[in-house]
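Structure first, then comments.
Each value in this text was obtained by applying a stated rule to the coordinates, not by laboratory testing. A quick note: this is a predicted structure, and the numbers were derived from the prediction, not measured. In this analysis, Cβ positions are derived from the backbone assuming ideal geometry, glycine residues included, and neighbour counts consider all displayed protein chains.
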Amino acid sequence: MIPIAKPIIGEDEINAVIEVLRSGNIAEGQKVKDFEEAFAKYSGTSFAVAVNSGTAALHVALLAHGIGAGDEVITTPFTFVATSNSVLFTGAKPVFADIREDTFTIDPESIIEKITPKTKAIIPVHLYGQAADMKAIMEIAEDKDLIVIEDACQAHGATFEGKSVGSFGDGTFSFYPTKNMTTGEGGIITTNDLEIAQKARMIRSHGSKQRYFHEMLGFNLRMTDIAASIGITQLGKIADFNRSRIKNAHYLTGSLGNIKGLILPHVDKRCGHVFHQYTVRIRGDGSRDDVVSSLNKMDIGTGIYYPLPIHKQPYYQELGYNDSLPVSESASKEVISLPVHPSVNISDLETISASLRDIIG
Ligand SMILES: *Cc1c(COP(=O)(O)O)cnc(C)c1O
């Protein structure tokens, strides 16, 4: 079986964890500080604040900006549910804009249509490892005085016009095992704003700067030194991991051209795409699901990200969402992600490409 995702944990990660365990300092400590410093440098930001998941990073970033009841936050429905759930948890209302047909990222034109006097922030998602149109989004944000929180949970190392994601607005990253790099579970907020960094640090730890003195309401969302030690090691390898993903994606794009009905990933020329996913599209209702079951029978793992847009999820239906977002709705019926993670080798790629040709070529 060629799996759709596989974390790469080597002796370096194992030794780093053992070192922390032997030290006895296993909760948040020096390793977290070191990881934050290294990640801020990697993202080209002044500060990074580590937390225990990507979801927590989104939630804390929103709270640090004071977003809450009565506010609206514009985002995409074609993402993992954590993006908009984090908005709900603050008491604010997620408002969904549609996506672009070619890149599957949020459509700036649709953002403009959704702005109201209550809009406080935009959360663009850098989906599949490709940045959203940050030029257009930052222009809208500046014009309308909106906060931008980038959901870069799938896009470690991705760039837009040469600049790292997570450095346009404030950034949020996940280190779940399927992501481009991992800490087991984990997340981080990147920012150039000292005040936001300080608030985020407080929110992550019961609203305190000094232990047992609480200036505001907070949670326990801290990262452990155990996780941070894995993160430091993985950060040393992320450039190689991403290079493998990009190379594998190029191979598939080279070998899957000219199959009728198969649409290959579109790379925006301004983007450094890091191929968290290599996502193709198969037109027509139901065809996608047939292709998935054929590939799976041939021991080729696939992923569908995402089969139901958020505004159509049962919980959001209960909340009364009844938007029509046709581009997201049709994408959710037609996308398939194929394995390109760093453990996929050339013979796997040949198998994937030959099998797809067999099925639909
Ligand atoms: C993974 C992911 C998240 C959530 O990250 P967790 O670490 O799983 O909490 C949020 N947004 C997107 C787009 C993701 O892919």
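Could you check which residue among S84, S293, S53 shows the biggest mean-square fluctuation in a GNM of the chain with a 10 Å Cα cutoff? The residue with the greatest mean-square fluctuation here is S293. Determine the distance separating the Cα centre of the stretch 179-246 from the Cα centre of the stretch 296-317; give it in Å without decimals. Between the Cα centre of the stretch 179-246 and that of the stretch 296-317, the gap is 28 Å. Here A69 and A38 are evaluated by their C-beta separation; at R0 = 35 Å the FRET efficiency comes out at 0.45. Scaled to the globular estimate 2.2 N^0.38 Å, the Cα spread of the chain, given as radius of gyration, is 0.99. Residues in the stretch 179-193, backbone N under 15 Å from the label point at D348 (7 Å along the Cα-to-beta-carbon vector): list them, ranges by number please. Under cut-off, by backbone N: 179-181. FRET efficiency for the pair R270 and N220, taken as 1/(1 + (r/R0)^6) with r the Cβ-Cβ distance and R0 = 30 Å, rounds to 0.15. In summary, the aspartates and glutamates within cross-link reach of K179, defined as a Cα separation below 15 angstrom excluding same-chain residues under 8 places away, comprise D151, D240. Across the stretch 156-306, Cα pairs under 8 Å and at least six residues apart give a relative contact order of 21 percent. Taking θ as phi - 60° and the Karplus parameters 6.51, -1.76 and 1.60, the scalar couplings of the stretch 24-30 work out to x, 8, 9, 7, 5, x, 4 Hz in sequence order, x denoting glycine and proline. Spin-label pair D12-A27: with each label point 7 Å from Cα along the Cα-Cβ axis, the two points sit 3.0 nm from one another.
Each peptide in 347-356, 68-77 was scored by the mean count of other Cβ atoms within 10 Å over its residues; highest first, the order is 68-77, 347-356.
Can you give the extra length, in nm with one decimal, that the chain gains between T253 and D358 once fully stretched, where that is 0.36 nm per residue apart less the Cα-Cα distance?
Net length gain for the segment: 36.2 nm.
Taking every lysine pair in the stretch 207-361 that is 8 or more places apart or spans two chains, those with Cα atoms closer than 18 Å amount to 4. Converting phi to 3J(HN,Hα) with the Karplus coefficients 6.51, -1.76 and 1.60 and the offset θ = phi - 60°, the stretch 200-215 yields 4, 4, 6, 4, 5, 9, 6, x, 10, 8, 10, 3, 6, 10, 10, 8 Hz in sequence order, with x at every glycine or proline. Build a GNM of the chain with springs between Cα atoms under 10 Å apart, and of Y251, Y305, Y128 the one that fluctuates most is Y251.
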